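> For reference, the structure I am asking about is given below.
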Amino acid sequence: MFFTNRWTKNATTCGQRTKVKFQVFKNGKAVDEFTPCGAYLFGADGIAIRQAKITFKNGLLECKKPNEDTAGLALLWPIDGFGRVLLPTTILPEKTRPYNLNIEIARAKLMQIINKREDWSFFDNNMNMEDLANLSGAAQDLFIEAIQNISEPAPASKLADESLEKAIVFSEKMAMKRADSLFKARSDSHGFGRACLGCRVDPAGMANPKYVERLLELFGFVTVPINWAQIETNKGIYDFSKIDPCIEMLARKKLVIGAGPLLRFSKQHLPGWLLRSKVGFEKILEAAYQFVANVVSRYSAAVRAWRVVSGLNASNHFGFNFEQVLEISRAAIMATKTTDNRTIKIIEVTNPWGEYYATMPNTIPPLVYLDMVIQSGINFDAFGLAMQFGSNQPGMHIRDMMQISAVLDYFAAVAKPLYITDLEVPSRNGDGLYDGGVAGIWREQWNQTNQQQWIEQFYKIALSKPFVDAVSYANLADTKTAVIASSGLLDKQLEPKKSFAALKKIHEAIFTR
């Protein structure tokens, strides 16, 4: 078991609150106003800590936690010349004097670089790039100088900031150099299947020939969304009028068709009659089983991959306990398998960093859920991982490419293929939750150019990993229903954005021999 013992302890501990404090600096000066965004505490195993409180007052960022265990802090952090990304500190014990937050974030990034260099066997003598070696050395030298001046917090913070600026650029270049090499090797060895590039379709868009033309231009694998709330609006009465023509058209085009998620236990994906019924777990289980069986039976001749259950680690409207979460997962897979034993059956995990666990009740840390699903003996074929970036919500703040590569590496130890699903990132800065100031910025304010660059880098990193079978983008075109605003590969007039051209380039690299 990877995480179960520590998670159980974290879930049940509620003792005397203890504190870790940080002083925050900007441009070498202590700040007296600071709003922590996306902030949470995590333990030595990376699991978010519940009942923690993070506040800024009297010039200090104060982190209260429910026990005396060491903890790290993660939050959205500005980096000159790079943007605003969610970054962690290292794991820190309590001490009387406050930590220098700028130093601790730089320390954590440098430690991650050291760890990934070892994991990837990636050292200066095999880089063959002098600029990378120079970046690495400069980042380390600046950090050492910051530590040597730690008794003078202000100048030390400025040195740490300069170290971080170089370290984060180095970390992304390192991640991309490795990805480029492995992606090319996988492509040269014909290691990609026809369905490695996917996209979720909008059933309403399939009536537009231009939408279909753009879809066929890039994708051999498409996912048809299934929403229980929209299909079974009355108990036992199913409305497939929006799905049927979509499936029929995609089948005629001879695309590899996926569908789902069949079950997602967030409020907006549950039928109103079930929400109002206030029935117990057994009745919910029975209704879910019947729904899955009906959908799979109807489309089994056309669909080749089912996203059977999604996000039970983070979306649990009925407050299922852990045993019930596993039972729902098992029953959904069984309903699919009984009706259709030929297709790929996927269990999907959402929010892989698990920030939601700090504040959302009835949730499970993502890697704990992954671990326990495997141990439970549920007979499924692959994991799915939904990854959405660009909103001020748990799991959706912008991360740097090394963090993304590192979280995907957790799945390397799992003897199951991985499907990355619902990938999306914005093409322009938005308002409210989508404002880069609170959601995160990668390199510059979001625009088509850096959406293109981000997508190109993400796909190279993901598809360089041999256990990743497919990456599916969430929205072919901009739509009001998107989780991330302005995240489509096409604009509302179905004209290609620069990101569409980036994916076309990757498509050609994979399929043009």
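> If I take R0 = 45 Å and measure r between the Cβ atoms of Ala207 and Lys29 in this structure, what FRET efficiency does the formula 1/(1 + (r/R0)^6) give, to the nearest 0.05?
Values: r = 58 Å, r/R0 = 1.29.
The pair Ala207/Lys29 has a calculated efficiency of 0.20.
> Here's something else I'd like to know. Around Thr363, with a cut-off of 12 angstrom between Cβ atoms, what is the net charge of the other residues, counting Lys and Arg +1 and Asp and Glu -1?
Local net charge: 0.
> Mind grabbing the base-10 log of I(q)/I(0) for region 4-181 at q = 0.18 Å⁻¹? Debye formula, identical points on the C-alpha positions, no solvent, two decimal places.
Calculated log10 I(q)/I(0) at the listed q: -1.17.
> Moving to a separate point now. Which percent, nearest 5, of DSSP beta bridges in the chain are antiparallel?
Values: 29 of 66 bridges.
Here the share of antiparallel DSSP bridges comes out near 45 percent.
> Let me ask another. Once Lys and Arg get +1 and Asp and Glu get -1 on their Cβ, which of Trp353, Ser315, Ala288 lies farthest toward the positive end of the dipole of region 283-366?
Ala288
> Among Phe34, Phe511, Phe380, rank each residue by its count of other Cβ atoms within 10 Å, from fewest to most, as a rough exposure measure. Display every interim value, and only then the final one.
Working: Phe34 18, Phe511 13, Phe380 21.
Starting with the residue having the fewest Cβ neighbours, the order is Phe511, Phe34, Phe380.
> What size of dipole, in debye to the nearest 20, comes out for the chain about its Cα centre when the only charges are +1 on Lys and Arg C-beta atoms and -1 on Asp and Glu C-beta atoms?
Numbers: 60 positive and 52 negative charges, 202 e Å.
Approximately 980 debye in magnitude.
> Can you give me the Cα centroid spacing of region 344-381 and region 41-90 in angstrom?
Measuring centre to centre over Cα atoms gives 23 Å.
> Please give the charge dipole size of region 144-234, origin at the Cα centre, charges +1 on K and R Cβ atoms and -1 on D and E Cβ atoms. Round to the nearest 20 debye. Before the final figure, lay out the partial values.
On the way: 11 positive and 12 negative charges, 93 e Å.
The calculation lands at about 440 debye.
> Then there is this: If you add up the charges near Leu270, with Lys and Arg at +1 and Asp and Glu at -1, over every other residue whose beta carbon is less than 15 angstrom from its beta carbon, what do you get? The partial results should precede the final answer.
Values: positive: Lys235, Arg264, Lys267, Arg276, Lys278, Lys283; negative: Glu232, Glu286.
Local charge sum for Leu270: +4.
> May I pose another question? Give me the mean projected area, in nm² to one decimal, of the convex hull enclosing the Cα positions of the chain.
On the way: hull surface 96.1 nm².
Directional mean of the projected Cα hull area for the chain stands at 24.0 nm².
> Could you compute the net charge surrounding Lys158? Neighbours are other residues with a C-beta less than 13 Å from the C-beta of Lys158; K and R count +1, D and E count -1.
Values: positive: Lys26, Lys29; negative: Asp80, Glu145, Glu152, Asp161, Glu162, Glu165.
Once all neighbours under 13 Å are counted, the net charge is -4.
> Under the rule of -39500 (n - 2.57) per DSSP H run of 4 or more residues, summed and divided by the residues of the chain, what mean residue ellipticity at 222 nm is obtained, to the nearest 500 deg cm²/dmol? All intermediate terms of the calculation are to be shown ahead of the outcome.
Working: 15 runs with 204 residues, N = 513.
Computed ellipticity for the chain at 222 nm equals -12500 deg cm²/dmol.
> Determine the dipole magnitude for region 322-433: charges of +1 sit on the beta-carbon of Lys and Arg, -1 on that of Asp and Glu, nothing else is charged, the reference point is the Cα centre, and the result goes in debye to the nearest 20. Please report the intermediate quantities before stating the final value.
Numbers: 7 positive and 12 negative charges, 55 e Å.
In debye, rounded to 20, region 322-433 gives about 260.
Since every read-out is calculated from the coordinates, none of them should be taken as a lab result. Since we're looking at a predicted model, the values are computed, not measured. Note that we place each Cβ from the backbone using ideal geometry, even for glycine, and neighbour counts take in every protein chain shown.
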